[in-house]
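Single-structure report; data block below.
The values are calculated or read from the model by the stated rules, or taken from the named source; none is laboratory data. If you're wondering where the values come from, they're calculated on a predicted model, not measured in any experiment. Cβ atoms come from the backbone with ideal geometry, glycine included; neighbour counts cover every protein chain shown. Surface accessibility is based on the protein's heavy atoms, side chains included, excluding ligands, DNA and RNA. Shrake-Rupley method; radii C 1.70, N 1.55, O 1.52, S 1.80 Å.
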Amino acid sequence: MRFQRKSTVAYMFRNFGQLVYVTLPVSVLIAFFYNPSSEISLFSSLVKGEIVMENYLDLLTKSLTVLRFGKHWWVVLCAIVLLAVTMSLMVVKLDRHMRMGKMPALPVRRALGIFHFMLMYIVGWLAVTELCILVIVGICYMVRFIGNATAIVSIALGLTFGVRVFLTYMFGLLVIAFPLKYSENYRFNIAMSYSARTMSSKRLQLVGLAFLYPTARIAVMAIAYLLEPVMLDVLVYAVMLTLCLMFVPCFAFKKFYDDVGGERRDLVQIMFD
């Protein structure tokens, strides 16, 4: 006899059917209205040599900044709210499962207890990300004296990737804040501080997590470009988001129980293969 594997991936796929229906709706919505299609168009124009000094700044602004949402900005706001609801549900489901061995289907009432913290957290990260992108576009405007639009846009895409890696690393430092907030009833600022101190010793794992999402976005862009004009980027991005939104809370609770939370009740003994 042995216990089931404790790894994040093993847990995620072991409970795939009970998690995927929670993350799939918001993943599809975000894939349609918050996808990297504008970045894909920019990358395609870059590869084809269609970017010149006369239009590079306009392309960067409309491809990378909040202007890329256009008239669908209100759908993006709805997606942010739905994302906060989704992740709140995931926190409650995983806490109940790992603490008691039972996973509720849709614990909406309990999820509403941390919804406002989750919404504030998500809005804060998105605001910082968009602000960093605006700074990158500003830098590209300041270096226009280079006189090479291809080089400037390449710099912009490289800086954007670097910013996403850095912000994902910072997110990783705070990844167990919500398990601490919900399971241990820590004040949110104390939970974030404790999470940062705990996760700072796991730098190799944080680096891997930091490259996970930005690299996945690059993969989506490459697939969409190679399959052009077949529009599969929305489908691929929806699948990627679904897996990411399942993986991150599973990773967070796995780390929480490894370092703070004690015995897991979701693990059962199974026969050796």
For segment 64-117, what are the residues that are farther than 21 Å from residue 183 by Cβ and either among the polar types (S, T, N, Q) or part of a loop (DSSP other than H, G, I, E, B) (or both)?
-> 65
Given (1) of a type in the set (A, V, I, L, M); (2) under 30 Å from residue 19 (Cβ atoms); (3) within 17 Å of the chain's Cα centre (by Cα); (4) modelled with pLDDT of 90 or more, where does residue 76 come up short, assuming only one miss?
-> (4)
Please go through segment 45-85 and pick out each residue that is charged (D, E, K, R) and surrounded by fewer than 19 Cβ atoms within 10 Å (Cβ to Cβ).
-> 48, 50, 54, 58, 62, 71
Going by the conditions given, is residue 215 within 30 Å of residue 38 (Cβ to Cβ), at pLDDT below 90 and polar (S, T, N, Q)?
-> yes
Criterion (on the phi > 0 side of the Ramachandran plot and out of contact with any Pro (no Cβ under 8 Å at 6 or more places or on another chain)) met by exactly one of 172, 138, 147, 124 | 147
Subset of segment 150-169, residues open to solvent by less than 40 Å² (accessible area, probe 1.4 Å) and either at positive phi or in contact (Cβ under 8 Å) with a residue 60 or more places away in the chain (or both), comes to 152, 153, 156, 157, 160
Can you tell me which residue in segment 107-121 is nearest to residue 188 (Cα to Cα), limited to those that are open to solvent by 20 Å² or more (accessible area, probe 1.4 Å) and among the hydrophobic types (A, V, I, L, M, F, W, C)?
-> 117
Could you tell me which residue of segment 127-143 is farthest from residue 191 (Cα to Cα), considering only residues that are in contact (Cβ under 8 Å) with a residue 40 or more places away in the chain and in contact with a helix residue (DSSP H, G or I) (Cβ under 7 Å, 6 or more places away or on another chain)?
-> 141
Subset of segment 118-167 (residues that are touching a Phe, Trp or Tyr at 6+ places or on another chain (Cβ under 9 Å) and of a type in the set (A, V, I, L, M, F, W, C)) | 118, 120, 125, 132, 140, 149, 152, 153, 156, 157, 165, 167
In segment 202-256, what count of residues is obtained for those that are farther than 21 Å from residue 26 by Cα, buried (at least 17 other Cβ atoms within 10 Å of the Cβ) and of a type in the set (D, E, K, R)?
-> 3
Among the residues listed as 106, 60, the single one being at pLDDT below 90 and more than 20 Å from residue 246 (Cα to Cα) = 60
Within segment 16-44, considering residues that are free of Cβ contacts under 8 Å to residues at least 60 places away in the same chain and part of a helix (DSSP H, G or I), the one least open to solvent (accessible area, probe 1.4 Å) | 38
When residue 144 is run through (1) open to solvent by less than 30 Å² (accessible area, probe 1.4 Å); (2) charged (D, E, K, R); (3) over 30 Å from residue 263 (Cα atoms), the failure sits at (1)
